[in-house]
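Participant: My questions will all concern the structure given below.
The values are calculated or read from the model by the stated rules, or taken from the named source; none is laboratory data. What you are looking at is a predicted structure, and each value in this text was computed from that prediction instead of being measured. Note: ideal-geometry Cβ built from the backbone for every residue, glycine included; neighbour counts use all protein chains shown. Calculation scope for accessible area: heavy atoms of the full protein, side chains included, ligands and nucleic acids excluded. Shrake-Rupley method; radii C 1.70, N 1.55, O 1.52, S 1.80 Å.
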Amino acid sequence: MSTGQIGGQPPNPRGIFGPKKQGREALLNALVLLGLVIVPLWAVMADEPFTITLVTRAVIFALAAVGLNIALGLGGLVSLGHAVFFGIGGYAMGILAWHAQNYVPLFEWPVLFEGTKSMPVIWAVAVLASALAAFCIGLLSLRTSGVYFIMITLAFGQMFYYFAISWARYGGEDGMSIYVRNGFPGLNTLDPIQFYGLCLAALLLGLLLHARLRRAPFGLALNAARQAPERVRAVGLDPLRLRLLAFTLSGAITGLAGALFADLNRFVSPTMFSWQLSGEFIVFIILGGTARLFGPVVGAVLFVLMEHWLGALTEYWHIGFGALLLLIVLFGQGGVIGLIAGKARAHD
Amino acid sequence: MTFSLILEQVLNGLQSGIMLFLMAAGLTLIFGVMGLINLAHGSLYMVGAFCAAAVAGLTGSFVLGLAAALAGAALAGALIELVVIRRLYARDHLDQVLATFALILIFSEGTRWVFGSFPLYLDVPDALSGPVALPLGIQYPAYRLAIIVVGLVVAAGLFWLIGRTRLGIRIRAGENDREMIAALGVDIGRLYTIVFALGAALAGLAGALVGAIQSVQVGMGEPVLILAFVVIVIGGIGSIKGAFIGALLVGLTDTLGRIFLPELFKLVMEPSAATQAGSALAQIAIYVLMAAVLVWRPTGLFGARA
């Protein structure tokens with residue numbers, strides 16, 4: 001109880017599609033991937049740009065949760081402040097593009113830099129800035145564990161939220177609008193499906209990284225540090241360093257998702273730092289199923305679908321969503337993937 | 001910047017600190033006794049404020065409103081303890097976070113459904129609506145002074161309850177060894193429900209008292225909940241004394257920072273930039289305080305356990 005570590009992600013020897021025993025989960029994963037390719041292509045043919053936007057939103061949320069899953073799933077670190085990194089990614093995009101669009105130099109020394117509308121540069125800045133923030137927050141909050149860690153990450157999230165509100169230069173409470181989506185060399189990002197392709201590629205890279213980490217020495221050591229920190233220490237590894245690295249990596253990926261999300265909406269505001277968003281990222285992972293590679297993806301897709309369909313039925317859809325979440329936590333361990341594919345291997 | 005202005009701000013800081021204490025005390029009790037992290041504590045604060053505003057609006061009596069806040073929040077607390085929370089004691093913190101996050105969604109949207117999105121207003125009772133004259137020529141709102149007094153009385157009552165009564169002995173015993181006191185014949189399930197309802201009533205009282213100064217609206221509880229977490233991190237989990245000291249520190253830092261940091265910056269910067277930088281720093285001052293405590297003492301000022 002007191003350590004707050006959660007039940008886990010077993011190292012998966014067969015990589016992204018899992019061993020034979022997990023045939024149904026692998027099939028489900030393949031179907032999800034197929035859906036993420038086919039549905040937007042269908043939407044292009046049927047001229048339904050809104051559907052593409054919806055799927056893009058789901059894919060970006062999934063990437064944010066895949067980032068969180070490195071800290072939460074592999075490291076057992078229940079971070080309730082991951083919106084910080086999402087927001088930093090968003091503001092990295094917002095600030096760089098705002099300077100470029102308004103012809104106000106960001107800095108003039110040592111060289112003149114006028115901001116940029118180029119996605120690769122923005123992504124690099126978003127990843128570096130959120131990794132740096134994750135490193136600093138991790139350095140402070142990983143001194144503790146369990147509920148302390150949860151409360152501290154939540155509090156730091158609120159700190160960034162209030163700071164963004166009071167930062168009048170970049171829109172304060174109102175945020176910033178970027179009028180034209182940023183560019184990517186060789187692509188027309190104004191075309192929804194091409195931007196979607198970029199987001200999906202980022203998600204796949206994130207999933208690949210997660211799958212590889214699970215069976216890499218680092219992932220195994222991190223998993224061990226979650227289950228038995230004393231033993232890890234006894235073999236000469238430092239659990240704190242492992243967790244700090246995992247937390248930093250996790251923040252960097254969520255930061256990238258934030259930059260993409262800002263570009264999807266062409267808008268950033270302090271709500272990207274809100275604690276509700278941090279909570280929702282955790283919900284995505286649990287809704288899909290903890291200890292599942294595709295858990296965050298399934299969870300994010302379900303959330304966006306419910307938000308769309310239930311939200312159209314009633315403006316109070318959060319009541320139903322809350323009740324569903326409650327039922328899953330209390331009675332349905334294993335999330336939606338667990339319901340379909342049976343228990344995770346670790347519990348066999 | 002006069003001396004009386006400084007004193008007035010110190011009183012404001014005390015007032016917000018004492019209200020924070022009412023929130024943090026419940027949270028820290030619930031964590032100490034049941035090992036549960038309750039994100040829905042902010043919802044109970046909101047329930048208290050809405051009960052008070054609704055009943056005071058119907059009857060015109062502020063005291064009845066306060067009673068309704070206490071009863072409504074305690075009832076809501078006991079209900080969610082019996083239906084949901086009790087299934088979470090043996091679970092890990094992740095499940096507790098998720099389930100209580102779900103409760104926030106249900107409470108917030110449920111309240112919006114019943115009362116609508118517009119804020120309600122809870123009027124300060126007539127007898128306390130004016131200022132009072134304090135020594136040194138300070139005029140201070142009577143209601144805010146009354147809140148400080150009520151908060152201090154409740155805090156004293158809580159210390160007495162925990163330290164001097166049979167229930168308090170059981171609560172402290174429950175913190176130390178729950179199997180043992182269950183073996184000694186204490187109905188541990190009922191004790192948990194009582195502790196949870198007590199914490200909920202304290203949150204509801206705070207919500208109602210603050211609701212008369214600010215507006216009563218959906219989502220009012222969560223910013224206070226997060227501040228209460230900062231208080232607990234500073235004071236140490238499970239320690240009522242820590243919650244008291246932490247709450248006063250946070251309340252004073254926040255209130256005084258907002259007033260004095262911009263002034264302080266004006267000494268070295270031009271006024272408009274100083275106001276901006278000062279108020280930005282004031283927004284995050286309490287989190288800087290929390291970080292400093294974490295570096296110095298990771299388990300908080302009065303925390304015994306890691």
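Participant: For the pair A:GLU315/B:THR2, report the inter-label distance in nm, with labels modelled 7 Å from Cα in the Cβ direction.
Facilitator: 4.7
Participant: Looking at B:LEU261, B:GLY238, B:ILE6, which one has the Cα that reaches farthest to the positive end of the dipole of chain B (charges on Cβ: Lys, Arg +1; Asp, Glu -1)?
Facilitator: B:GLY238
Participant: Could you pull the Rg and Dmax for the protein assembly as shown, using just the Cα atoms, both in Å?
Facilitator: Looking at the protein assembly as shown, its Cα Rg and Dmax stand at 25.3, 81 Å.
Participant: Also: How would you rank A:102-115, A:160-173, highest first, on the average number of other Cβ atoms within 10 Å across their residues?
Facilitator: Details: A:102-115: 10.7, A:160-173: 17.9.
Descending mean neighbour count gives A:160-173, A:102-115.
Participant: Another question about this same structure. Taking the convex hull of the Cα atoms, report for chain B its projected area averaged over all directions, in nm². Don't skip to the answer; put the middle values down first.
Facilitator: Values: hull surface 70.7 nm².
One quarter of the hull surface, i.e. the mean projection, equals 17.7 nm².
Participant: Taking the Cα centre of segment A:15-347 as the origin and placing charges on Cβ (Lys, Arg +1; Asp, Glu -1), which of A:SER269, A:PHE303, A:PRO110 is farthest toward the positive end of the dipole?
Facilitator: Most positive-ward Cα: A:PHE303.
Participant: Compare A:ALA246, A:ALA131, A:ALA323 in a GNM of chain A, Cα atoms joined below 10 Å, and give the one with the largest fluctuation.
Facilitator: A:ALA323
Participant: Next up: Per-residue ellipticity at 222 nm for chain A, helices alone: DSSP H runs ≥ 4 residues times -39500 (n - 2.57), over residue total, nearest 500 deg cm²/dmol? Write down the numbers at each step before the final one.
Facilitator: Values: 13 runs with 231 residues, N = 348.
Helix-only estimate at 222 nm: -22500 deg cm²/dmol.
Participant: Just by accessible area at a 1.4 angstrom probe, what is the order of B:VAL250, A:VAL127 from largest to smallest?
Facilitator: The ordering from most to least exposed comes out as A:VAL127, B:VAL250.
Participant: How high is the relative contact order of chain B, given as a whole-number percent (alpha carbon pairs under 8 Å, six or more residues apart)? Before the final figure, lay out the partial values.
Facilitator: Values: 469 pairs, mean separation 102.3, N = 306.
About 33 percent, as a whole number.
Participant: Calculate the length of the line joining the C-alpha centroid of segment B:127-202 to that of segment A:277-338, in whole Å.
Facilitator: Centre-to-centre distance over Cα atoms comes out at 37 Å.
Participant: Set the Förster radius R0 to 56 Å, insert the Cβ-Cβ distance between B:ARG190 and A:ARG24 as r into 1/(1 + (r/R0)^6), and round the FRET efficiency to 0.05. Don't skip to the end; give the middle numbers.
Facilitator: Numbers: r = 45 Å, r/R0 = 0.80.
Taking R0 as 56 Å, the efficiency between B:ARG190 and A:ARG24 is 0.80.
Participant: With a 1.4 Å probe and all protein chains kept in place, how do B:LYS241, A:LYS117, B:LYS266 rank by accessible area, largest first?
Facilitator: Working: B:LYS241 115, A:LYS117 65, B:LYS266 85 Å².
Descending accessible area places them as B:LYS241, B:LYS266, A:LYS117.
Participant: Counting only other chains, and only Cβ atoms inside 10 Å, what mean value do you get across the residues of A:152-163?
Facilitator: Mean number of neighbouring Cβ atoms from other chains: 6.
Participant: Still on this structure, I have one more. How would you rank B:251-257, A:36-42, B:267-273, B:82-88, highest first, on the average number of other Cβ atoms within 10 Å across their residues?
Facilitator: Values: B:251-257: 20.3, A:36-42: 15.1, B:267-273: 9.9, B:82-88: 17.6.
Answer by packing, highest mean first, reads B:251-257, B:82-88, A:36-42, B:267-273.
Participant: Can you give the FRET efficiency for B:LEU264 and B:VAL83, using 1/(1 + (r/R0)^6), R0 = 56 Å, r = Cβ-Cβ distance, to the nearest 0.05?
Facilitator: 0.65
Participant: For segment B:15-142, what size does the Cα cloud have along each of its three principal axes, sorted from largest down, in whole Å?
Facilitator: 55, 36, 22
Participant: Starting from the 7 Å offset along Cα-to-Cβ, what nm value, one decimal, do you get for the label separation of A:PHE50 and B:ALA133?
Facilitator: About 6.6 nm, to one decimal.
Participant: Return one number: the angle in degrees, 0 to 90 and rounded to the nearest 10, between the long axis of the Cα atoms of helix B:240-266 and the longest principal axis of the Cα atoms of chain B.
Facilitator: 20
Participant: Here's something else I'd like to know. In debye to the nearest 20, how big a dipole does the protein assembly as shown give about its Cα centre with +1 on each Lys and Arg Cβ and -1 on each Asp and Glu Cβ?
Facilitator: Working: 37 positive and 30 negative charges, 433 e Å.
Value, rounded to 20: 2080 debye.
Participant: Shifting gears a bit: Going by alpha carbons, how many degrees (0 to 90, nearest 10) lie between the helix axis of B:271-296 and the longest principal axis of chain B?
Facilitator: It works out to around 30 degrees.
Participant: Kindly state, as a whole number, the per residue volume in cubic angstrom of the convex hull around the alpha carbon atoms of segment B:150-264.
Facilitator: Numbers: hull volume 14.6 nm³, N = 115.
Hull volume over Cα atoms, normalised by residue count, gives 127 Å³.
Participant: Sticking with this structure for a sec: For segment B:13-43, which residues drop by 30 square angstrom or more in accessible area between the chain on its own and all protein chains together (1.4 Å probe)?
Facilitator: B:ILE37
Participant: May I ask you to derive the relative contact order of chain A, considering only C-alpha pairs under 8 Å and at least 6 residues apart, and to give it as an integer percent? Intermediate values should be presented prior to the final figure.
Facilitator: Numbers: 566 pairs, mean separation 110.8, N = 348.
So the answer I get is 32 percent.
Participant: Between A:LEU209 and B:TRP296, how high is the FRET efficiency from 1/(1 + (r/R0)^6) when r is the Cβ-Cβ distance and R₀ = 41 Å? Nearest 0.05. If you can, show how the numbers build up before the last one.
Facilitator: On the way: r = 36 Å, r/R0 = 0.89.
Working from the Cβ atoms, E equals 0.65.
Participant: Further question: Using the alpha carbon gyration tensor of chain A, what are the three equivalent-ellipsoid semi-axes (square root of 5 times each eigenvalue), largest first, in whole Å? Walk me through the numbers before you get to the answer.
Facilitator: Working: eigenvalues 192, 130, 74 Å².
Semi-axes (√(5λ), whole Å): 31, 26, 19.
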